[in-house]
Amino acid sequence: MNEAVHPAPATLTQDEAFARIRLLRSPNIGPVSYAMLLARFGTAGEALEALPELGKKGGRQYRAAPRDRIEREVDAVRASGAKYLFHDQLDYPRLLGEIDSAPPILTWRGDLSLAARPCVAMVGARNASAAAVKLARDFGKGLAEARFTVVSGLARGIDGAAHEGALPQTVGVIASGIDIAYPPQHSELQERIAREGLLIAEQTPGTEPRGSHFPSRNRIIAGLAAGTLVVEAAIKSGSLITARLAGEVGREVMAIPGSPLEARSHGCNHLIREGAVLVQSPEDVAELLTGFDGSPRSTFREPVSHFDFEPAEFAEAEPADIASLLTTAPIAVDELVRQSGKGAAAVQLALLELEIAGRLERHAAGRVSLSS
């Protein structure tokens, strides 16, 4: 998130913290629209008051999340022993805060300072080979000894092995609420990470993981780390999504090569062919990431462009004019700016109004479409 848009507050009052949670939990509000609303109105309280009118401009009646639902959520976070972390607090992880889709609010348990240290993400196949599981455990241990924090998603296979090798210097990012263990066979590992390492969740307490939650979790994994290492993965794998997200935000993408005869190695070999850095030891990873300055050696994918905006730049625009340029096929926002002839801020405001009204979907790489 752009620091100019989100200056760190001197203090965050309890009322404003509650309003921020309520704003983010309201219908059709995601990280981008949340950021734009705070940029335009200054506080979550003011943004909540403006939502009905913005929804009306977008063409739909709108109601924010009810207060009692947020009160129950806050109670559940406390009962689970977790805390809230807001995007502009000083201990919000710096690298994660640099991505456009950074979670505005996280819940966490454990040692938050682990996320402030140099981090490397390790991901791979759930149905990993025995050799790859051992390799992931060894890499996790070696990277922790090199004073890196190992970030992964607590899935079966490579993720779990990476966490086990790196403990206690590891961050588990889960696709469920902070109080839900998934997969169930990792409940003890998840609790141990919450006690000795750091456990992070974006979903509200009590939320069971769904398919759509895993790509969201993957962007957090990629965003926290200076680089993402894929240990073993097939061509169609969530691990490659994480690697692609890392490349899009300008982070290092690394992969361990495998046999061309093993389908579970094809994803890693594909990444290397497409520009990821081939690594064979924890020392290779440490050399790449030590003192990482934002200029990755990998060429797997160039970072995507994005708009920065100041509150004063917002201008009125007719949502219908922008909606007429959209279909259910995703298109880049900068292309909408070119075709509409409007300023970037005017287009962003129109998109915000359409999103609040439930007529717009946001996609990876800064693309948008009409809701299907």
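The values are calculated or read from the model by the stated rules, or taken from the named source; none is laboratory data. None of these values were measured; they are calculated from a predicted model. Here the Cβ positions follow ideal geometry from the backbone for every residue, glycine too, while neighbour counts run over all protein chains shown. Calculation scope for accessible area: heavy atoms of the full protein, side chains included, ligands and nucleic acids excluded. Shrake-Rupley method; radii C 1.70, N 1.55, O 1.52, S 1.80 Å.
Can you figure out the FRET efficiency of ALA344 with ARG210, using R₀ = 30 Å and their beta-carbon distance, to the nearest 0.05? The formula returns an efficiency of 0.35 here. Note on LEU90 and GLU196: their simple-model spin labels are 3.1 nm apart, each label 7 Å out from Cα toward Cβ. In this simple spin-label approximation, GLU262 and LYS83 carry label points 7 Å from Cα along the Cα→Cβ vector, and these lie 4.2 nm apart. Separation of the alpha carbons by more than 31 angstrom is noted, of LYS83/LYS342; LYS134/LYS236; LYS83/LYS141; LYS56/LYS342, for LYS83/LYS342.
Each Cα pair under 8 Å and six or more residues apart adds its separation to the average, and for the range 168-296 the resulting relative contact order is 20 percent. Just the number, please: carbon plus sulfur as a percent of the accessible area of the chain, 1.4 Å probe, no ligands or DNA/RNA counted. Exposed carbon and sulfur together represent 49 percent of the surface. Note on exposure: ARG210, ARG359 ranked by accessible area (1.4 Å probe, complete protein assembly) read ARG210, ARG359, with the most exposed listed first.
The heavy atoms of LYS342 present about 90 square angstrom of accessible area, all protein chains included, probe 1.4 Å. Packing order of peptides 183-191, 220-228, highest average first: 220-228, 183-191 (average count of other Cβ atoms within 10 Å over each peptide's residues). Over the chain, the Kirkwood radius and the radius of gyration, each from Cα atoms, give a ratio Rg/Rh of 0.98. Which angle between 0 and 90 degrees, to the nearest 10, do you get for helix 44-58 versus the longest principal axis of the chain when only C-alpha atoms count? Taking the Cα atoms of the chain, the angle to 44-58 is about 70 degrees.
Each of the peptides 34-47, 109-122 was scored by the mean count of other Cβ atoms within 10 Å over its residues; in descending order, highest first, they stand as 109-122, 34-47. Here the gap between GLN185 and THR299, fully extended at 0.36 nm per residue and compared with their Cα-Cα distance, gives a gain of 37.4 nm.
Sorted largest first by accessible area at a 1.4 angstrom probe radius, with every protein chain in place, the residues LEU154, LEU370 fall in the order LEU370, LEU154. Between the helical axis of 213-224 and the longest alpha-carbon principal axis of the chain there is an angle of about 70 degrees. Judged by the mean number of other Cβ atoms found within 10 Å, the most tightly packed of the peptides 162-171, 266-275 leads the ranking 162-171, 266-275. Computed from the alpha carbon positions, the gyration tensor of the range 46-154 leads to an equivalent ellipsoid with semi-axes of 38, 17, 16 Å, biggest first.
In the full protein context, the chain carries 44 Å² of accessible surface per residue, based on a 1.4 Å probe and ignoring ligands, DNA and RNA.
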